[in-house]
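Encoded as structure tokens, the structure appears first; notes follow it.
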Amino acid sequence: MRSINTHIKAHLSALQPLQLNFIYKYFAVLKMSAEIEELLKRYQNYPNVAGIIILDPFAIPIKTTMEYTLTVHYAALISTLTYKAAKMISNLDASNELMTIRLRTKVHEVIVLPSENYIIIVVQNPGT
């Protein structure tokens, strides 16, 4: 086992910092996969949930329960909205941070839960 770790460290030391950053983020996402599965299970059990999308920090869908084209559409629009909302909060008060966005329309309610490692989007049918 020690020789494998030494071998890996030798290869990692030869990589550029940008490559290392990508590799570390990739392994962080893999490590989070169990956590993501748990989040999916938890949110799917809520009443009126129409779909769940989990995005990585680059707005790429990691997991979804929705149709592909709709997932990509939500990912593009919600990631932009989340970035702008977080920037607005930061500009108003640097010690504050965005925790949740909740949008309600006639058809759906969209709840956005941003974090450092992913963005969770929950689309639900509004209760009466």
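The values are calculated or read from the model by the stated rules, or taken from the named source; none is laboratory data. Computed from a predicted structure; not experimentally measured. Neighbour counts are summed over all protein chains in view; Cβ atoms, including those assigned to glycine, are modelled from backbone coordinates with ideal geometry. Heavy atoms of the whole protein, side chains included, go into the accessibility calculation; ligands, DNA and RNA do not. Shrake-Rupley method; radii C 1.70, N 1.55, O 1.52, S 1.80 Å.
A few notes on this one:
- Residues in the range 93-116 include at least one that is within 14 Å of the chain's Cα centre (by Cα) and at pLDDT below 90.
- Subset of the range 88-103 (residues that are of a type outside the set (A, V, I, L, M), in a helix (DSSP H, G or I) and either open to solvent by 100 Å² or more (accessible area, probe 1.4 Å) or in contact (Cβ under 8 Å) with a residue 12 or more places away in the chain (or both)): N91
- Any hit, the range 51-74, residues being touching an Asp or Glu at 6+ places or on another chain (Cβ under 8 Å), part of a loop (DSSP other than H, G, I, E, B) and modelled with pLDDT of 60 or more: yes
- Residue among N5, N45 that is at pLDDT below 90, closer than 26 Å to G127 by Cβ and not aromatic (F, W, Y): N45
- Looking only at residues of the range 12-26 that are in a helix (DSSP H, G or I) and loosely packed, with under 10 Cβ neighbours inside 10 Å, we find that the one that is modelled with the lowest pLDDT is L18.
- Restricting the range 46-81 to residues that are open to solvent by less than 30 Å² (accessible area, probe 1.4 Å) and over 16 Å from P114 (Cα atoms) leaves a set whose member that is nearest to the chain's Cα centre (by Cα) is T71.
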